[in-house]
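Notes follow the structure.
Every number in this text was worked out from the coordinates using simple rules, so none of it is lab data. All figures in this text were calculated on a predicted structure; none of them were measured in a lab. Neighbour counts are summed over all protein chains in view; Cβ atoms, including those assigned to glycine, are modelled from backbone coordinates with ideal geometry.
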Amino acid sequence: MNVGPFSVLAAFSLEADRPAAEGSPDRVCGDLAALEEKVLPTRVRRIGRQVKLALLGAAACLKDCPRPVPGDLLGVFLGTGLGNTGETTPVVEQAVAVARGASQAPPSPVQFANSVSNSATFFVARAAGATGANLVVTAEELSFEAALFAAGVAMRAGDVGYALVGGVDEYLEPRDALLTRVSMPAGTVLGEGSGWLLIGPAFEGGKARIEAMEPALADRGGGDPSWIPAVAGEVARVRAEGEPVTVLRGPRIDGPALAVLLDLVPGASVDEYLARTGWFHAAAACALARAVSAGTRGLYAHVGRNVAGDAAFVILRVG
């Protein structure tokens, strides 16, 4: 079900730029303090890392917009695979310890306040002055696509005029536990990031345009690759003659599936962006936001699958 097209008025991608620890293959976002000073009028205290990643990415995206967006027309939609697990886990562990009599210290009030699932979008909406819909969506590796689709539905229904849509996940220790949470093998290079798009009506123009999207094409068990011709068909429908196409290869797109897709999309190139960002659930948001920010003309088709086998795609036109 395509609810587009929509214009992309602004974009920002906060990506990993340093090792998670000495000798670690994993990557995390580095100097958040410098970005915080640049995009926020005042420092926000007592927030966890996932909330901070979301807040800084969203604020930088709004700063990228050439004109203010009325807060009463703006909604906030966030896709995340793990949410604020970094805050929730200690609260649960401490509550269990108290219940078992192993500790008398209650959970940290700050962590408890930030353990609700929509704490990140609360801070984003407050900073943006957004009084429209406020929603957190989780769908494993398709979390950003689900949030983008929900934003599109809200816009089409007239619930919001504009939508600030993000995908955010943080890197968590211990590494082995994180690999188990995301169902990835030991050799996976993990990452974190915060990618955001500010979308509006298609007639407003903007830096880019979302031509089509599909948040969940059933492909359970990996037996029926019906999503591949669906993506190729949408690319062919919107592609202008001679327009370059880049396939943004997202999570769980294996070599054979990619090869079939490339056969159906003549002349397409491939961006293996996960090698840059590291693997995390909402990495699609960073890939699409970076494509907008780079400003290189062409179609960008992001494809990804989740651990259940469903597939999703977003087709973006830049220039």
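Packing-based ranking of 22-33, 57-68, 130-141 yields 130-141, 57-68, 22-33, ordered from highest to lowest mean Cβ neighbour count within 10 Å.
Across the stretch 285-294, coupling constants 3J(HN,Hα) worked out from phi with the 6.51/-1.76/1.60 Karplus curve, θ = phi - 60°, read 4, 5, 4, 6, 5, 5, 4, 5, 5, 5 Hz, and Gly and Pro carry x. Classified by the C-alpha gyration tensor, the stretch 208-318 has an oblate form. Its axis ratio a/c, with a ≥ b ≥ c, is 1.5 or above, and a/b does not exceed b/c. The charge dipole of the chain, taken about its Cα centre with unit charges on the Cβ of Lys, Arg, Asp and Glu (plus for the first two, minus for the last two), comes to roughly 700 debye. Kindly identify the stretch 6-204 as rounded, prolate or oblate by the Cα gyration tensor criterion: order the square roots of the eigenvalues as a ≥ b ≥ c, call it rounded if a/c is under 1.5, otherwise compare a/b with b/c, prolate if a/b is larger, else oblate. Note, shape of the stretch 6-204 comes out prolate.
Across the stretch 144-154, rounded Karplus estimates of 3J(HN,Hα) from the backbone phi angles (6.51 cos²θ - 1.76 cosθ + 1.60, θ = phi - 60°) give 5, 4, 5, 5, 5, 5, 4, 5, x, 4, 5 Hz, Gly and Pro being marked x.
For V44 and S269, a Förster radius of 30 Å and the Cβ-Cβ distance give a FRET efficiency of 0.15, rounded to the nearest 0.05.
Once the piece of chain linking T180 and L258 is laid out straight, how much longer is it, given 0.36 nm per residue of separation minus the C-alpha distance between them? Working it through step by step, the gained length comes to 25.5 nm. A crude spin-label estimate for the pair R67 and R237, with each label 7 Å from Cα along the Cβ direction, gives 3.0 nm. DSSP beta bridges confined to the stretch 134-270 are antiparallel in about 70 percent of cases. Here the calculated FRET efficiency for E173 and E37, from their Cβ-Cβ distance with R0 = 25 Å, stands at 0.40, rounded to the nearest 0.05.
Looking at the stretch 6-204 alone, DSSP beta bridges between its own residues are antiparallel in about 60 percent of cases. Less than 5 angstrom separates the built amide H of G79 from those of V137, G166, G167, V168, all sequence-distant by 5 or more or on a different chain.
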